[in-house]
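Written below as structure tokens is the structure these notes are about.
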Amino acid sequence: AFFIFNQKGEVLISRLYRTDFKRSIADVFRIQVVSNADVRSPIITLGSTSFFHVRVNNLYVVAVTKTNANAALVFEFCYRFINIAKSYFGKVDEESVKNNFVLIYELIDEICDFGYPQNSEIDTLKTYITTESIVSSIASDNAEASSKITSQATGAINWRRGDVKYKKNEAFVDVVELINLSMSAKGTTLRADVDGHIQMRAYLSGTPECKFGLNDKLVIDKSDRGGSDAVELDDCRFHQCVRLHDFNSTRTISFIPPDGDFELMRYRSTSNVKLPLRVVATVNEIGTSQVQYTIIVKTNFDSKLSATSVVLRIPTPLNTTTVDCKVANGKAKYVPAENVVVWKVPRIQGGQECTFTATAYLTSTTTRQVWARPPIDVDFQVLMFTASGLIVRFLKVFEKSNYQSVKWVRYLTKAEGTYQIRVSAVFCAGDYVLRRWCSFSC
């Protein structure tokens, strides 16, 4: 069975693939999961029935089974459905589900047959499941068009049609990395890892064969660690179109790409992570009336590169009344509703540093409350930089017509609320100064 619930537990989409389920099974999930704030596991088993759920925005995407199903397969099905829904109508939320419920029933009936996942390739689905805004020239009533659809859905290369044509043949490769950092007040890295993916947009005619090469010093096997300059990946996952027969020896892959946008590879790295920004923060508490800040942001990349959309969220005590900020770069503003100072710097060039100084004035309280001092959150983007060190050595396109193709490669490293620096504190009371390094949870 397959369900979509909103955050109130109301059923938006319901599909029972087999007769051993009744519609009332949805009430069990509503009571045991939606109404129970203590539930943290994505899998709940009650008797012989297992509920697998994925949260997306304000929705629960739920798959239910009474068999000993492969959990990884069930979750992959749920995430595939979410990606398919995004490709059809953008953001997946309650409003979009209600506006597209007919389309959603068409999709789930097509991608799952009698409870078994079948065809989940977006490019194939869009040839015969169309919306009002997607006009398909392939899905006509003649027998030849139907034959092409069947051949694509059941063929060896079901992710691509053979009759794709473009006036200009181009391939765009985006290496996008999300960096996660937790740094102690002493400057010790508590956690640094990279979640990356290689996104490709292929606008190529015919059925091209692509050859794609990564770093020579790329280490994946934990037992075979590289040197300080090696790129070490904890795990990686490829699109089904990829052939890996040469990957272990030459770090190259070959594939026939789907038409349009697709994720070629996803990977994770926790070793030799290069930190693009370094933040040194000091907080002085002057008695019970003031808190003084000195924060320095240093770049750690080549001067030809730059960090853009840099935003620091600097926490303030709960009893702060006003904050006097001084910055030479960007703008800083106190946001009382969130108890933070937001410092925005449009661009920081490589090799440069920016300084923020401020004084927070506190209101007097009858009882002194201990300030937890939350970490500083940093958001940014750095083009043409990879924190893991992963690079694309080459991308070659071979096609029987020998047409010329244009290839573009772009790198992007970013942080979105996952780059956190704890702060040190100095307590000042008259001539007596006590320095203490704070340790607290992120």
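Which links in Lys98/Lys126; Lys274/Lys304; Lys91/Lys407; Lys211/Lys274; Lys86/Lys396; Lys98/Lys414 stretch past 22 Å when you go from one Cα to the other?
Values: Lys98/Lys126 20 Å; Lys274/Lys304 17 Å; Lys91/Lys407 29 Å; Lys211/Lys274 28 Å; Lys86/Lys396 30 Å; Lys98/Lys414 33 Å.
In this structure, Lys91/Lys407; Lys211/Lys274; Lys86/Lys396; Lys98/Lys414 lie more than 22 Å apart at Cα.
About the Cα centre, and with charges only on the beta carbon of Lys, Arg (+1) and Asp, Glu (-1), how big is the dipole of the chain? Nearest 20 debye, please. List each step's numbers first, then the result.
On the way: 53 positive and 45 negative charges, 206 e Å.
Approximately 980 debye in magnitude.
Helix-derived [θ] at 222 nm for the chain: sum -39500 (n - 2.57) over DSSP H runs of at least 4, divide by residue count, nearest 500?
Values: 7 runs with 64 residues, N = 442.
Rounded to the nearest 500, it is -4000 deg cm²/dmol.
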Listed values [x] -0.80, -1.27; [y] -0.72, -1.42; [z] -0.64, -1.27, entry calculated as log10 I(q)/I(0) by the Debye sum over Cα atoms at q = 0.09, 0.13 Å⁻¹ = [x]
Taking θ as phi - 60°, what are the ³J(HN,Hα) couplings along the range 201-217 by the Karplus curve (6.51, -1.76, 1.60), each to the nearest whole Hz, with x for Gly and Pro?
-> 10, 10, 10, 10, 7, x, 10, x, 9, 10, 10, 10, x, 10, 3, 5, 8
5 angstrom amide H check on Asp234, placed H, neighbours 5+ away | Arg268, Ser269, Thr270
Under Karplus coefficients 6.51, -1.76 and 1.60, residue-wise ³J(HN,Hα) of the range 104-120 in Hz, glycine/proline x | 5, 5, 4, 5, 5, 6, 7, 8, 9, 10, 6, x, 10, x, 10, 9, 10
Ordered by number, the trypsin sites (Lys or Arg not before Pro) in the range 348-401 that occupy a DSSP loop and have at most 13 other Cβ atoms within 10 Å are Arg368, Lys400
Carbon + sulfur, % of accessible area of the range 2-126 - ligands and nucleic acids excluded, 1.4 Å = 48
Toy charge model, Lys and Arg Cβ at +1, Asp and Glu Cβ at -1: the range 2-126 dipole around Cα centroid in debye, rounded to 20, equals 300
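Order these peptides, 331-343, 73-85, by their mean beta-carbon neighbour count within 10 angstrom, highest first.
Ranking, from highest mean packing down: 73-85, 331-343.
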For Lys217, the aspartates and glutamates lying under 12 Å Cα to Cα, once residues fewer than eight places off in the same chain are dropped, come out as Asp229, Glu232
Lysines with Cα under 18 Å of Lys333, excluding same-chain neighbours fewer than 8 positions away | Lys344
Residue by residue through the range 271-277, which ³J(HN,Hα) values in whole Hz follow from phi under the Karplus form 6.51 cos²θ - 1.76 cosθ + 1.60 (θ = phi - 60°), with glycine and proline marked x?
-> 10, 6, 7, 8, 8, x, 10
Hey, got the dipole for the range 277-384? About the Cα centre, +1 on K and R Cβ, -1 on D and E Cβ, debye to the nearest 20?
-> 140
Anisotropy class of the range 2-126 from Cα gyration tensor, a/c 1.5 cut = oblate
Among Val54, Pro42, Leu16 the positive-end extreme of the charge dipole of the range 1-102 (Cβ point charges) = Leu16
Averaged per residue, what accessible surface does the chain expose to a 1.4 Å probe, in Å²?
-> 52
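Which of the peptides 214-220, 46-52 is most tightly packed, and how do the rest follow, going by the mean number of other Cβ atoms within 10 Å of each residue? Working shown, then result.
Details: 214-220: 17.1, 46-52: 15.1.
Packing proxy ranking, top to bottom: 214-220, 46-52.
Please compute the Kirkwood hydrodynamic radius over the range 277-384, one decimal place, Å, based on all pairs of different Cα atoms. Provide the component values of the computation, followed by the final result.
Values: mean 1/r = 0.0686 Å⁻¹.
The Cα-based Kirkwood calculation yields 14.6 Å.
The values are calculated or read from the model by the stated rules, or taken from the named source; none is laboratory data. On a predicted model such as this, the values are computed, not experimentally measured, just so you know. So basically every Cβ, Gly included, is an ideal-geometry build from the backbone, and we count neighbours across all protein chains shown. These area figures cover heavy atoms from the full protein model, side chains too; ligands, DNA and RNA do not enter into them. Shrake-Rupley method; radii C 1.70, N 1.55, O 1.52, S 1.80 Å.
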